[in-house]
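Visitor: Pasting a structure here, questions to come.
The values are calculated or read from the model by the stated rules, or taken from the named source; none is laboratory data. What you see is a predicted model, and the numbers here were worked out from it, not measured in a lab. Here the Cβ positions follow ideal geometry from the backbone for every residue, glycine too, while neighbour counts run over all protein chains shown. Side chains are part of the model used for accessible areas, which takes the heavy atoms of the whole protein and leaves out ligands, DNA and RNA. Shrake-Rupley method; radii C 1.70, N 1.55, O 1.52, S 1.80 Å.
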Amino acid sequence: MSSALTRFGRLGLAYIFTATGLWLLVLMLLPLIVTIDYAFRPFLPPVDWGGPNDRYTFDNFAVVLLNKFNQTIFLKTIWASVLVTVLSLAACYPVAYTLAREKRSGRARWLAIALIIPFLVNELLRAFAWQLLLSYKGLFNQVLMSLGFISEPFDFINKNVGVIVGLVYTYLLFMILPLYTALESLDPNLVDAARDLGAPWWRIHWDVVLPHAKPGLANGCIVTFMLAAGSFAVPQLLGGTGSLWFTQLIYNQFNAINWNMGAAYAFCLVILCLVFIVIVMWLLRVRLSDIAR
Amino acid sequence: MMLMERLGRFCARAYLGLFFAYLFAPLFYMIAAAFNRSSVPTLSPWRGFTLHWFAVAWQDDRLWQALGTSFLVGCAVVVLSITLGLAGALLMSRLKARGRGLLYALLVAPVLMPGIVIGLSTAIFWDRAAQVSGFWGLAVLGQSSFISTYCMLIFMARLQRFDETLEEAALDLGASPRQVFWTVTLPYLRPALFSAVALAFIQSFENYNTTLFSIGIDETLPIYIAGKLRVGVTPAINAVACAMIAATLLAGLSFELARLYRRKRSRSRSRRIGHQAASS
Amino acid sequence: MKNDLALIGVAKTFGPHVAVQDVSVDIAEGSFFSFLGPSGCGKTTILRMISGFIEPSAGSIRLGTLDLAGIVPNRRPTALIFQNLALFPLMSVAENIGYGLKVRGVSAAARGRKVDEMLDLIALSGFAGKRIEELSGGQRQRIAIARALAVEPKVLLLDEPLSALDLKLRQHMRAELRTLQRRAGITFIYITHDQGEALAMSDRVAVMSKGQIEQIGGSSDIYDNPGSAFVASFVGESNILVGRITATDGQFAVIETAVGDLRGRNPKHLTTGDAAMLFVRPERLRIAAAEDDLVVNSLTGDINEVMFEGLTFIITLRHVSSRLVTLSLANDGTGLAFAPGSRQTVSFSPADGLILPAGPIARLDVVP
Ligand SMILES: Nc1ncnc2c1ncn2[C@@H]1O[C@H](COP(=O)(O)OP(=O)(O)OP(=O)(O)O)[C@@H](O)[C@H]1O
Ligand SMILES: [Mg+2]
């Protein structure tokens, strides 16, 4: 510690510790603790705060998890987010692989830039662009009807298609970048050697490429799932009233000033994300230090 | 074998083409619809070219006000996040004490937290702790809690390659710790500082989830857009999107050009040095 | 004198690890003093304690009458040349040299004068505007010294500053450092694991092993009269023979070794039966002529290998007991009178054999 004092001086150390401490405490831990505290207390008018009814209870969670309506939405959010993750992975893997193999060419550089541009556009606007295509009178329905595939418009929005397509579209980059980073470090000679030994292409990918990309894969899957499950703008625009998302429940409670219930929902969302992380790490047998770089 | 390989390469190309079409087509459609005379944003039917919707957007006072708030919030977030992120980075990269791993996990955790949870907990905490209800300042605090982490990671990446003996040398020559920071550490961190400022501003400017819960009655650009999208969408919103994309591309382009220019300058300098060395 | 530097019982421990232990030494003002020792023996730690980056765990460091304890590095009258030089890459040569003055608030004009003076001193005038990356290794070396001298320290500390240079430059810089030190007239404390450097430049040398000082003395003293097995083996080359004392007389003793009984000096007054080591420098061994009447200190064996090193021939002889003995012969231009494989007898005068108490010796792999 004396050497740190030498290095930074009293003022520097004061800055470092106060700033980090305030950040940790005031911006992160205290809000989180208060929220968790809220989640375990009933929703009461301020006069009853500290009164006999203001005690810790699981009532909020019972509503979140046992109410049929909520349950459906919670489960839907889970499977839809998993589906989004899987679809993203399937869509991105070939692209990341191709880009990584061509990394030396100038074309790959342009492709990489082209890849990033759509993601500089606001999330809301990206979802809005898809709304234009998928809405009841949108381009897709117009085209499909004029081609005679369907006789009346298909309700993409209320049938969850919109949300899933939109979520995949919105968070692609978070799958592609870690995959690309992981695949880029793969020695191309390994692939050639495997091919030389007569392995079919799918075996090469299963035996050589995928194991190498595992940390990137885990990273991409975790981040994509969490962004999807925690997304609010996309379901708001691309999911109709018939296909609510879990985050929308949180917002509804927030708007209804029932912050205790909102906190309970939020708590469940965070737990869901944590569980997903643990499952992915266990499935892929990676450690936290492999993923968080 | 040859044929198979060519087929494989063709498939890869075709797939890449499709993929990029998927990425860009919706955006082009959205942009193009801004120029249609139709009263709803669409390309079919095409009712003729117009700039009318840009004019409509231009005259929307709420839009300008939201833009102003976004700038205000963005600048505040930049200042706060740089301050906090730099402190975190200095702490993480210089103090090799026990508990470092735990501290790191805590400081990185916000980026893994769903944005709406951060927003909600910020709103709850400030309401409870200080009876402050949502306004732009709370949005700044909520956003900074995780944007600081991005800044910290950028600074840490640069500090990792920092030769600490430079600081010691400066101290040894009589500089006070503060002078060392301003004359040695900060100049070294300058590129990271630029990246961190840019990233923090963009992140803040784009943020919707966290902001929605903590901003109260104020309105940043994403909040404004979301409001517009909820009720009676007109192509004016496409015009706004078009302008934002143009602005983003312009900013990105100038950033890239500045970088290229810097690189070229440093390369020509090293060539000059090589020349001198060869002639001496 | 007023600015003599004294280390009194200085120690430093890192957790359970003892890096420096009970180091006491007086360094006269204006002298060139070296700490010499193998890698990891605590040299850098000592230097960093003098410059204030590390607080000693015990003992004190004084400059004249001033106790340095608690004085932060930026207020100590010492300047350190780092192992990697640590020149500021984003500043020009002039900015580097003027840095110490700038942070002291010296005016630009006065700073410019000092920079010019320093550049003159290191014979690099005209380099002021250059960038660090444009300089050669030797030039950077001199800039680092100029930067340190510009703040007029009482003591200049140098941490293996030549180790990154190639051999030719290193030898050139030795002479140059010595000259600079004389011109600057201040104390230089130099640390190195290269005994050649230490012996060539220093007024006095402290040989270190495992955090402790083994011996302090002038260069020739250290070389000719090493005080311990470690010093004798670390400084210069030696044939080392392990054995037991069988007889003593006055200044001399006889030691029984694997190659027979040998006679040498006995400065530590070992007595019969003591475990001991005999050290003989290769250049003190000579090939005996056939007519010599050899009664003491003769070793017979076959020439194993001859290596020509320009100034000398390095010859290894395989003794009949199969031990290898190394000797070096000056190259007087007449060539060698014998071939590898021939049987020869070598001998040395008892005054050139040094008998010391058996003890740990420097491992060869740490001597470059
Ligand atoms: N900050 C530290 N923490 C723990 N141990 C340390 C620290 N600094 C040095 N040591 C240990 O102290 C011992 C002496 O280190 P020092 O750097 O002084 O050696 P040195 O003689 O300079 O070696 P070299 O010639 O390799 O530079 C070493 O064993 C080293 O591992
Ligand atoms: Mg060292």
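Visitor: List every residue pair whose Cβ atoms lie under 6 Å apart, where the two residues are 6 or more positions apart in sequence or sit on different chains, the first residue falls within the range C:1-18 and is closer than 13 Å to residue C:54 by Cβ, and the second residue, located anywhere, is of a type in the set (Gly, Ala, Ser) and not in a strand (DSSP E or B).
Guide: C:11/C:57; C:12/C:57; C:13/C:57
Visitor: Quick check on the range C:83-94. Is at least one of its residues on the phi > 0 side of the Ramachandran plot and either within 9 Å of chain B (Cβ to nearest Cβ) or not in a strand (DSSP E or B) (or both)? Give the derivation first.
Guide: From the range C:83-94, those on the phi > 0 side of the Ramachandran plot are C:85-86; that's our starting set.
Filter once more, so that each one left must be either within 9 Å of chain B (Cβ to nearest Cβ) or not in a strand (DSSP E or B) (or both): C:85-86.
Yes.
Visitor: Continuing with the same structure: For the range B:35-57, which positions are within 11 Å of chain A (Cβ to nearest Cβ) and among the small types (Gly, Ala, Ser)?
Guide: B:44
Visitor: Would you mind stating whether residue A:176 is within 28 Å of residue B:22 (Cβ to Cβ) and under 15 Å from the mean Cα position of the chain (by Cα)?
Guide: Working: within 28 Å of residue B:22 (Cβ to Cβ): yes; under 15 Å from the mean Cα position of the chain (by Cα): yes.
So residue A:176 passes the test.
Visitor: Let me ask another. Test of understanding: among B:149, B:183, B:211, which residue is over 24 Å from the mean Cα position of the chain (by Cα) and either facing chain A (nearest Cβ under 10 Å) or part of a helix (DSSP H, G or I) (or both)?
Guide: Of the residues listed, the single one that is over 24 Å from the mean Cα position of the chain (by Cα) and either facing chain A (nearest Cβ under 10 Å) or part of a helix (DSSP H, G or I) (or both) is B:183.
Visitor: So for the range A:61-72 (the condition being farther than 17 Å from residue B:82 by Cα, surrounded by 15 or more Cβ atoms within 10 Å (Cβ to Cβ), of a type in the set (D, E, K, R) and under 30 Å from the mean Cα position of the chain (by Cα)), does at least one residue qualify?
Guide: Checked against the condition, which is being farther than 17 Å from residue B:82 by Cα, surrounded by 15 or more Cβ atoms within 10 Å (Cβ to Cβ), of a type in the set (D, E, K, R) and under 30 Å from the mean Cα position of the chain (by Cα), the range A:61-72 yields no hits at all.
Visitor: To continue, here is another question. From the list B:178, B:161, B:128, which one is open to solvent by 10 Å² or more (accessible area, probe 1.4 Å) and either β-branched (Val, Ile, Thr) or more than 9 Å from chain A (Cβ to nearest Cβ) (or both)?
Guide: Details: B:178 fails: either β-branched (Val, Ile, Thr) or more than 9 Å from chain A (Cβ to nearest Cβ) (or both); B:128 fails: either β-branched (Val, Ile, Thr) or more than 9 Å from chain A (Cβ to nearest Cβ) (or both).
Answer to the selection: B:161.
Visitor: Could you tell me how many of the residues in the range B:68-85 are more than 16 Å from the chain's Cα centre (by Cα) and open to solvent by 20 Å² or more (accessible area, probe 1.4 Å)?
Guide: Within the range B:68-85, the subset more than 16 Å from the chain's Cα centre (by Cα) is B:68-69, B:83-84.
Subset that is open to solvent by 20 Å² or more (accessible area, probe 1.4 Å): B:68-69, B:83.
Matching residues across the range B:68-85 total 3.
Visitor: Which condition number does residue A:101 fail, the rest of (1) without any contact (Cβ under 8 Å) to a residue 12 or more places away in the chain; (2) within 11 Å of chain B (Cβ to nearest Cβ) being met?
Guide: So the condition that residue A:101 fails would be (1).
Visitor: Hey, another quick one. Out of the residues in the range C:1-30 that are open to solvent by less than 20 Å² (accessible area, probe 1.4 Å) and either within 11 Å of ligand 1 (Cβ to nearest atom) or part of a loop (DSSP other than H, G, I, E, B) (or both), state the one that is nearest to residue C:75 (Cα to Cα).
Guide: Restricting to residues being open to solvent by less than 20 Å² (accessible area, probe 1.4 Å) and either within 11 Å of ligand 1 (Cβ to nearest atom) or part of a loop (DSSP other than H, G, I, E, B) (or both), the top hit is C:3.
Visitor: Could you please find all residues in the range A:163-190 being without any contact (Cβ under 8 Å) to a residue 24 or more places away in the chain and in a helix (DSSP H, G or I)?
Guide: Quick first cut of the range A:163-190, residues without any contact (Cβ under 8 Å) to a residue 24 or more places away in the chain only: A:187, A:189-190.
A:189, A:190, listed by residue number.
Visitor: Going through the range A:77-129 one residue at a time, which ones are assigned to a helix (DSSP H, G or I) and touching an Asp or Glu at 6+ places or on another chain (Cβ under 6 Å)?
Guide: Step one: of the range A:77-129, the residues assigned to a helix (DSSP H, G or I) are A:77-101, A:106-120, A:123-129.
Residues satisfying the conditions are A:100, A:108.
Visitor: Here's a follow-up. For residue C:187, are the conditions met, namely being open to solvent by less than 20 Å² (accessible area, probe 1.4 Å), more than 16 Å from ligand 2 (Cβ to nearest atom) and away from chain B (no Cβ under 14 Å)? Walk me through it before giving the result.
Guide: Values: open to solvent by less than 20 Å² (accessible area, probe 1.4 Å): yes; more than 16 Å from ligand 2 (Cβ to nearest atom): yes; away from chain B (no Cβ under 14 Å): yes.
For residue C:187, the condition - open to solvent by less than 20 Å² (accessible area, probe 1.4 Å), more than 16 Å from ligand 2 (Cβ to nearest atom) and away from chain B (no Cβ under 14 Å) - is met.
Visitor: Among the strands (runs of 3 or more DSSP E) confined wholly to the range C:311-351, which include 3 or more residues that are within 25 Å of the chain's Cα centre (by Cα)?
Guide: On the way: elements: C:312-319, C:324-330, C:343-347.
Passing ranges, in order: C:312-319, C:324-330.
Visitor: Of all residues in the range C:164-184, which are more than 19 Å from residue C:84 (Cβ to Cβ), buried (at least 18 other Cβ atoms within 10 Å of the Cβ) and among the hydrophobic types (A, V, I, L, M, F, W, C)?
Guide: C:180, the sole residue that qualifies.
Visitor: Right, residue A:133: assigned to a helix (DSSP H, G or I), within 19 Å of the chain's Cα centre (by Cα), surrounded by 17 or more Cβ atoms within 10 Å (Cβ to Cβ) and facing chain B (nearest Cβ under 7 Å) or not? Full working, then the answer.
Guide: Numbers: assigned to a helix (DSSP H, G or I): yes; within 19 Å of the chain's Cα centre (by Cα): no; surrounded by 17 or more Cβ atoms within 10 Å (Cβ to Cβ): yes; facing chain B (nearest Cβ under 7 Å): yes.
Taking the combined requirement at face value, the residue does not satisfy it.
Visitor: OK, next. Determine which single condition residue B:20 fails, assuming it passes every other condition in (1) under 30 Å from residue B:210 (Cβ atoms); (2) within 8 Å of another protein chain (Cβ to nearest Cβ); (3) within 23 Å of the chain's Cα centre (by Cα).
Guide: (1)
Visitor: Still on this structure, I have one more. Could you please find all residues in the range C:55-75 being crowded, with 16+ Cβ neighbours inside 10 Å, at pLDDT 90 or above and either within 16 Å of ligand 2 (Cβ to nearest atom) or of a type outside the set (A, V, I, L, M) (or both)?
Guide: Residues satisfying the conditions are C:56, C:59.
Visitor: Quick check on this structure: which one of C:51, C:125, C:136 is among the polar types (S, T, N, Q), more than 16 Å from ligand 1 (Cβ to nearest atom) and open to solvent by less than 60 Å² (accessible area, probe 1.4 Å)?
Guide: Unique residue meeting the criteria: C:136.
Visitor: Determine whether the range C:69-80 contains at least one residue that is in a loop (DSSP other than H, G, I, E, B), within 16 Å of ligand 1 (Cβ to nearest atom) and not polar (S, T, N, Q).
Guide: Within the range C:69-80, none of the residues are in a loop (DSSP other than H, G, I, E, B), within 16 Å of ligand 1 (Cβ to nearest atom) and not polar (S, T, N, Q).
Visitor: In addition: Just a yes or no: is a residue in the range C:151-174 out of contact with any strand residue (DSSP E or B) (no Cβ under 9 Å at 6 or more places or on another chain), over 24 Å from residue C:38 (Cα atoms), away from ligand 1 (no atom under 16 Å from the Cβ) and away from chain B (no Cβ under 14 Å)?
Guide: No, the range C:151-174 contains no residue that is out of contact with any strand residue (DSSP E or B) (no Cβ under 9 Å at 6 or more places or on another chain), over 24 Å from residue C:38 (Cα atoms), away from ligand 1 (no atom under 16 Å from the Cβ) and away from chain B (no Cβ under 14 Å).
Visitor: Looking only at the range A:13-44, which residues are within 7 Å of chain B (Cβ to nearest Cβ) and either modelled with pLDDT under 90 or touching a strand residue (DSSP E or B) at 6+ places or on another chain (Cβ under 9 Å) (or both)? Before the answer, list the steps.
Guide: First pass over the range A:13-44, keeping only residues within 7 Å of chain B (Cβ to nearest Cβ): A:15-16, A:19-20, A:23-24, A:27-28, A:30-32, A:34-35, A:38.
Matches in the range A:13-44: A:38 only.
Visitor: Which one is nearest to residue C:154 (Cα to Cα) among residues in the range C:38-48 that are near ligand 1 (Cβ under 6 Å from one of its atoms) and away from every other protein chain (no Cβ under 14 Å)?
Guide: Of all residues in the range C:38-48, those near ligand 1 (Cβ under 6 Å from one of its atoms) come to C:39-45.
With away from every other protein chain (no Cβ under 14 Å) added as a condition, the list becomes C:39-43.
Values: C:39: 27, C:40: 27, C:41: 26, C:42: 23, C:43: 20 Å.
So the residue we want is C:43.
Visitor: Only one of these conditions is not met by residue C:161: (1) at pLDDT below 90; (2) part of a helix (DSSP H, G or I); (3) open to solvent by less than 10 Å² (accessible area, probe 1.4 Å); (4) not small (Gly, Ala, Ser). Which number is it?
Guide: (2)
Visitor: While we're on this one: For residue B:8, which of the numbered conditions (1) exposed (fewer than 13 other Cβ atoms within 10 Å of the Cβ); (2) in contact with a Phe, Trp or Tyr (Cβ under 9 Å, 6 or more places away or on another chain); (3) more than 10 Å from chain A (Cβ to nearest Cβ) fails to hold?
Guide: Against the list (1) exposed (fewer than 13 other Cβ atoms within 10 Å of the Cβ); (2) in contact with a Phe, Trp or Tyr (Cβ under 9 Å, 6 or more places away or on another chain); (3) more than 10 Å from chain A (Cβ to nearest Cβ), residue B:8 comes up short only on (3).
Visitor: Look through C:62, C:111 and report the one residue that is in a strand (DSSP E or B) and away from ligand 1 (no atom under 16 Å from the Cβ). Don't jump to the end; show me each part of the working.
Guide: Values: C:111 fails: in a strand (DSSP E or B).
After ruling out the rest, the residue left standing is C:62.
Visitor: What are the residues in the range A:211-238 that are open to solvent by 10 Å² or more (accessible area, probe 1.4 Å) and under 22 Å from residue A:122 (Cβ atoms), if any?
Guide: A:223, A:226, A:227, A:236, A:237, listed by residue number.
Visitor: Being within 11 Å of residue A:124 (Cα to Cα) and open to solvent by less than 10 Å² (accessible area, probe 1.4 Å) is the filter; apply it to the range B:214-228 and report the residue that is farthest from the other protein chains (Cβ to nearest Cβ).
Guide: In this case the residue turns out to be B:224.
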